Amino acid sequence: MAQLCDADWPGRRELYDACLFPLDHIKTHPLEDYQFEPIPNKPDHFILYVEFPEPLTLEYNRNPHTLEYTDNIVVTDSAPALFDIYGYIAVQDCFMSVGADHGIRGVQGTNAPATVSCWFEIGTHLTINNQIQWDRYRAGMKQLVEISGFSYDEASLSKLISEDSKGNMRIRVCKEVTPGHENREVIFADHSGALSLPTTALDVPYGQPYCCTFYLKYHLKPNGIPEFYAEILGITPL
């Protein structure tokens with residue numbers, strides 16, 4: 001199995017393309033090719049993987065730990081699945097800035113990881129009716145959740161999906177960051193290609209269409225209920 005963002009290497013784009021699926025068209029691969037795998041060093045946490053029809057052979061020329069350049073070949077038969085959603089960053093419950101106004105730096109005086117998060121909602125930039133798009137997103141998410149072996153109704157989805165009485169949905173995306181390393185750990189691109197996180201809440205690009213690419217994960221709560229969440233890989237402008 002291979003992680004997608006361990007280092008800079010020529011094969012990354014090929015692996016990225018092999019793992020990326022629109023949330024409303026997840027059947028690009030048969031559902032039996034998806035499976036949740038345990039996350040190393042995170043007890044009771046799982047991430048959705050996709051198996052490839054044939055193993056990928058990739059050039060890997062940078063050690064992710066020493067950052068020294070080497071000549072290696074990686075052969076992988078599966079990797080974390082990735083999904084895209086398109087929309088706008090919701091103003092409500094947005095915690096994407098690194099400033100003290102949102103407490104992103106975690107507990108003062110420590111290096112404890114903190115979480116950046118926001119809700120994505122569908123916008124009118126889409127060429128298809130929003131309700132139809134959400135219906136497709138909802139159906140795709142339901143199928144992915146049930147791959148875990150739990151039913152959609154018994155899973156905890158409060159940190160993943162929000163839906164109002166009219167059926168309008170939002171998807172929450174999040175990422176753990178370490179104080180002092182936010183810009184390296186979260187890929188938030190602006191139109192110039194610069195990678196960063198907003199410094200303050202005023203810098204969050206509300207009202208602009210974005211694409212968010214994420215992994216699907218869950219962790220088992222003490223009562224045995226799986227709590228699902230979408231972990232950010234990248235947020236890029238459309």
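None of the figures in this text is laboratory data; all of them are computed from the coordinates on show. Since we're looking at a predicted model, the values are computed, not measured. Here the Cβ is made from the backbone with ideal geometry for all residues, glycine too, and neighbour counts use every protein chain on show.
Here's how it looks for Ser97: its modeled amide H is under 5 Å from none belonging to a residue 5 or more places away or on a different chain. Positive contributions from Lys and Arg (+1) and negative ones from Asp and Glu (-1), summed over other residues with Cβ under 15 Å from the Cβ of Leu220, come out at 0. Less than 5 angstrom separates the built amide H of Gln208 from those of Ile89, all sequence-distant by 5 or more or on a different chain.
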